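One structure below.
Values in this text are rule-based calculations from the coordinates and carry no lab data. Remember, it's a predicted structure, so these values are computed and weren't measured experimentally. For neighbour counting, all protein chains shown are included, and Cβ atoms are generated from backbone atoms with ideal geometry for every residue, glycine included.
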Amino acid sequence: LPDLHARLQALAAFMGEETGLSLAAANKRSGNILRKAECDISLDIDDEALTLDEERELYQQVATAEKELAKPLANSDYSASLERLAQLRPAVDRFFDAVMVMDEDPRLRANRLALLARMKALFDQVADLSVLG
């Protein structure tokens with residue numbers, strides 16, 4: 001219960017900010033795309049299939065955040081974790097503005113779905129923001 005209380009306090013503060021609402025919406029959008037994909041989605045990303053600057057940027061940001069979140073998550077520091085996740089917002093916004101996830105090329109589509117799945121998994125370590133937005 002103390003862990004749940006810590007998560008709820010951090011989420012309450014985070015969701016009261018514009019960044020929190022924006023990332024919750026992006027997380028919800030990611031979840032919807034992943035649900036509608038109708039295929040198995042890997043978490044493995046092929047660096048060579050990242051063809052657009054926006055997807056390369058998001059991939060780099062997610063990979064960095066995965067490493068940087070290990071310590072605050074291990075310490076149940078959800079406020080710090082959410083602050084770090086908030087730093088993804090510009091890259092997430094640019095990705096959704098510029099990238100067609102469901103590309104006709106199956107290799108690109110699978111890679112983009114993997115990127116969204118990795119990003120969503122990162123957020124889900126704190127909470128499923130898609131149900132909060």
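Before moving on, here are some points about what is shown:
- Projected label points at R107 and D46, each 7 Å from Cα along the beta carbon direction, are separated by 0.5 nanometres.
- Under a model in which nothing but the beta-carbon of Lys, Arg (+1) and Asp, Glu (-1) is charged, segment 1-83 shows a dipole of about 520 debye around its Cα centre.
- The lysine pair tally for the chain, using Cα distances under 21 Å and a gap of 8 or more places or different chains, is 5.
- Residue among D77, D103, D93 with the largest mean-square fluctuation in a Gaussian network model of the chain, springs linking Cα atoms under 10 Å: D103
- The slack between M100 and D124, meaning 0.36 nm per residue of separation minus the straight C-alpha distance, is 6.3 nm.
- Cα-based helix-to-principal-axis angle, 106-124 vs the chain, degrees rounded to 10: 0
- Coordinate range along principal axes, alpha carbons of segment 2-78, Å, largest first: 42, 27, 25
- Overall shape of the chain was characterised from the C-alpha gyration tensor. The equivalent ellipsoid obtained from it has semi-axes of 26, 14, 13 Å, in decreasing order.
- For the chain, built as a Gaussian network whose Cα springs stay under 10 Å, the top-fluctuating residue of E54, E17, E66: E17
- Take every pair of alpha-carbon atoms less than 8 Å apart whose residues are at least six positions apart; their mean separation over the length of the chain yields a relative contact order of 47 percent.
- Over segment 19-64, volume per residue of the alpha carbon convex hull, in Å³: 99
- Between helix 53-68 and the chain: long-axis angle, C-alpha atoms, 0 to 90°, nearest 10: 40
- FRET E, pair K36, N75, Förster distance 30 Å, beta-carbon r, rounded to 0.05: 0.25
- Burial order of peptide ranges 24-36, 105-117 (average beta-carbon count within 10 Å, highest first): 105-117, 24-36
- Helix 89-98 axis, angle to the chain major axis (alpha carbon atoms, nearest 10°): 30
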